[in-house]
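Taking it in order: structure first as structure tokens, then the write-up.
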Amino acid sequence: MSLRKHFVVIGLIVINGAMTVSAGENERDHQSQNSISEREFRAEYANAVKKFKAAYQNIQCRAECQFQFDDPNDLSRKKRYDYSAHLLMKGAAAVAVQDYGEETPRGGTDTNQVACATPHYAFDLHKTRQTNPYQVNYITRTPDRVERMRLILGDDVDVYLCAGSFMYHNPFEAILEKPSFSVVKLERIPAKTEESGDLVALDFQLTNDPWSISSGHVVFAPRLNWAVLEYHYRCDYSPTNYSIYTGKNTFRSIQKGTIPFLEKCKLKAIHYHADMQPISEDHTANLTDFSLGTVDDSVFLLSRYGLPDTPLTASPSSMRTPIQWFLIGNGILLFLIVLWVIMKRSRTTQRQKVQS
């Protein structure tokens, strides 16, 4: 082989090797761009949650909503109702004022509903006609009931108003902090829209979760302050009973780095039970008229809805029912009787000792 041919062969080997190295570097660069560590994700998401909550400290909006329930096992339970809602949040307090059409959750008996929860009390009101005054469904100042009301209210306020942070009625930051939470897959994916930018997809698992969540898939938009764009998760209640929850959120076109406002969300829940056809729920909402810093404290009071505020300001003891007072009185009487018997026996014992 001539010297010239040797140089050609060597040149081809060098070029081929360079191309191979370049391709490998490009592939590694591509993988590096698509990868994100769990530590990085947790840090960035935690920071986003702080920004999100700070921005939503005082906010309100309007919503046009629709709910459809379909139970093929019992056609009488099938229903659909449309309603408009005024959603308000201030600090740790939230209220949803709802106006229903002909069909309502209570089968047409209500036209309006107010659900309010604060850190100290919660109440639920309704009207049977638009022209009628509000009536009290219940008022509670019991801490666990207040917390439960806050979770129930989440279906009306947090799911829609705070959809950037919530999956159905489960705040993702709470799911992320569960002891049994584990990451199955975490990666960056190309942008679906120019507004959202590149996305991050997460697959996760949970074991022995009190909420029964066993696994899920979430798509976040880091450019939209890590808002939840899509989610899919499963709740296992028993080997044969489980539910699948899916949702999609659409946000306004906003500038990078600002807190997103939800435009539309779709939620679907399918419940599976042994020896039964699946039962489904469909929720949709379109949100408008967002306003920051305009929520007045009066919206969390009964007087705002034509009722006295006394049940909210009275001491817990003054709110006791007659039967509670009866039981308390009997308890005191029983205590006094027992105390009298003990004292009588003590005196008798002392007398016997003196006589002996």
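Would you confirm, using the coordinates I've provided, whether PHE52 is open to solvent by less than 70 Å² (accessible area, probe 1.4 Å) and either more than 17 Å from ALA269 (Cα to Cα) or at pLDDT below 85 (or both)?
The answer is yes for PHE52.
Restricting attention to region 290-306, which residues are in a helix (DSSP H, G or I), in contact (Cβ under 8 Å) with a residue 12 or more places away in the chain and over 24 Å from the mean Cα position of the chain (by Cα)?
Those that are in a helix (DSSP H, G or I), in contact (Cβ under 8 Å) with a residue 12 or more places away in the chain and over 24 Å from the mean Cα position of the chain (by Cα): LEU302, TYR305.
The conditions are (1) aliphatic (A, V, I, L, M); (2) at pLDDT below 85; (3) open to solvent by less than 10 Å² (accessible area, probe 1.4 Å), and ALA96 fails exactly one of them. Which is it?
Of (1) aliphatic (A, V, I, L, M); (2) at pLDDT below 85; (3) open to solvent by less than 10 Å² (accessible area, probe 1.4 Å), only one is false for ALA96: (2).
With respect to VAL146, determine if the residue is aliphatic (A, V, I, L, M), exposed (fewer than 15 other Cβ atoms within 10 Å of the Cβ) and either modelled with pLDDT of 90 or more or in contact with a Ser or Thr (Cβ under 9 Å, 6 or more places away or on another chain) (or both).
no
Within region 173-199, restricting attention to residues that are modelled with pLDDT of 95 or more and among the β-branched types (Val, Ile, Thr), which residue is most open to solvent (accessible area, probe 1.4 Å)?
Within region 173-199, the match that is most open to solvent (accessible area, probe 1.4 Å) is VAL184.
Sort out which residues of region 55-66 are in a strand (DSSP E or B) and buried (at least 16 other Cβ atoms within 10 Å of the Cβ), and write them in order of number.
ILE59, GLN60, CYS61, ALA63, CYS65
Filtering region 291-312 down to residues that are among the polar types (S, T, N, Q) and closer than 17 Å to ASP124 by Cα, which residue is least open to solvent (accessible area, probe 1.4 Å)?
If we take residues in region 291-312 being among the polar types (S, T, N, Q) and closer than 17 Å to ASP124 by Cα, then SER298 is least open to solvent (accessible area, probe 1.4 Å).
The values are calculated or read from the model by the stated rules, or taken from the named source; none is laboratory data. Keep in mind that this is a model prediction, so the values were computed, not measured. Here Cβ is always computed from backbone atoms with ideal geometry, including for glycine, and neighbour counts include all displayed protein chains. Surface areas here come from the heavy atoms of the whole protein model, side chains and all, with no ligands, DNA or RNA. Shrake-Rupley method; radii C 1.70, N 1.55, O 1.52, S 1.80 Å.
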